[in-house]
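Participant: Below you will find the structure I want to go over with you.
None of the figures in this text is laboratory data; all of them are computed from the coordinates on show. Everything quoted here is computed from the prediction, not taken from an experiment. All Cβ positions, glycine included, derive from the backbone under ideal geometry; neighbour counts span all protein chains shown.
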């Protein structure tokens, strides 16, 4: 069944002049049919550089928005429109405007895991990989960091700047607990612990390495360790095992599953290409402002 489905998807992809993007947390069969697998911003940047007319983004809603911002001339499809991000929903443009009034001297740095409207209210965007570099590159000493307080906390440990945290978080990453790490290192004493900076501080404290999803993939290739305990959404293990067949990977917690990232499957990808929907677009005035915040980040890093 899968082979027929895959053949249909690939044929239709060619006819539509489409490119398929899959986030590192997508289910294995979706990752396997994608032209690019990676993190949200990197995927949008790769898609923008292609001559594709259609982007099929297998991820969550804010990622499809970013692709639409960076590729205004392309049609962006999100195979399941209900694939959202709880952390992105923890902040609104209106609430951010109110917070900015409370801290008029602060420069707003917003994690890319946010809606286009929130990006449009920000001075800079950042990724989990470049957040510290962005913060350090800004002249202001006061930073309003949104929406992930745990990524903000991680940065605050490495900078002298005053970081004002938004009270947002990733519900998947907070399921990874210190006792999970201790249990796994007890079972696998030779394994290195690599975690995402969206994890809670006590988990960060137990890690050998803290990195974004792309950083985790790079580190897994470079390290001499043969075993790694991975503290992020479990979907990434599929890519890690494919790229490093000689190494063994263990999830820090089997509970670190993002239900939104698992909404998209091959059937939905095919249906999306057939129907050319659901489409995700961003109003031009919002896209322009959001693009400015993204471009200012890219200029720094």
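Participant: If you find the alpha carbon centre of the stretch 211-269 and of the stretch 13-29, how far apart are they in angstrom?
Facilitator: Each part's Cα centre sits 18 Å from the other's.
Participant: Further, regarding this structure: Considering the Cα trace of the stretch 230-301, what is its radius of gyration and what is Dmax, both in angstroms?
Facilitator: Computed over the Cα atoms of the stretch 230-301, radius of gyration and Dmax are 18.2, 49 Å.
Participant: Also, quick follow-up: So how do 80, 246 line up by other beta-carbon neighbours within 10 Å, fewest first?
Facilitator: Ascending Cβ contact count within 10 Å gives the list 246, 80.
Participant: Quick check: the distance between the Cα centres of the stretch 177-191 and the stretch 66-118, to the nearest angstrom?
Facilitator: Between the Cα centres of the stretch 177-191 and the stretch 66-118 lies a distance of 35 Å.
Participant: Per DSSP helix of 4 or more residues, -39500 (n - 2.57); summed, then divided by the residues of the chain. What does that give at 222 nm, rounded to the nearest 500?
Facilitator: -12500 deg cm²/dmol
Participant: Next question. Which order do 174, 236 fall in if you start with the one that has the fewest other Cβ atoms within 10 Å?
Facilitator: Listing 174, 236 from fewest to most nearby Cβ atoms yields 174, 236.
Participant: May I ask what percent, to the nearest 5, of DSSP beta bridges between residues of the chain are antiparallel?
Facilitator: Working: 1 of 34 bridges.
Roughly 5 percent of the beta bridges in the chain run antiparallel, per DSSP.
Participant: Let me check I have the definition right: for the chain, take the eigenvalues of the Cα gyration tensor, multiply each by 5, take square roots. What are those semi-axes in whole Å, largest first?
Facilitator: Working through the eigenvalues yields semi-axes of 29, 27, 15 Å.
Participant: Now, a different point. Please report 125, 85 as a ranked list, fewest other C-beta atoms within 10 angstrom at the top and most at the bottom.
Facilitator: Lowest count first: 85, 125.
Participant: Shape verdict for the stretch 171-237, please, from the Cα gyration tensor: rounded (a/c under 1.5), prolate (a/b greater than b/c) or oblate.
Facilitator: In terms of gyration-tensor shape, oblate.
Participant: Which three numbers, in whole Å and largest first, are the semi-axes of the equivalent ellipsoid of the stretch 88-170 derived from its Cα gyration tensor as √(5λ)?
Facilitator: Values: eigenvalues 60, 40, 25 Å².
Semi-axes from the Cα gyration tensor: 17, 14, 11 Å.
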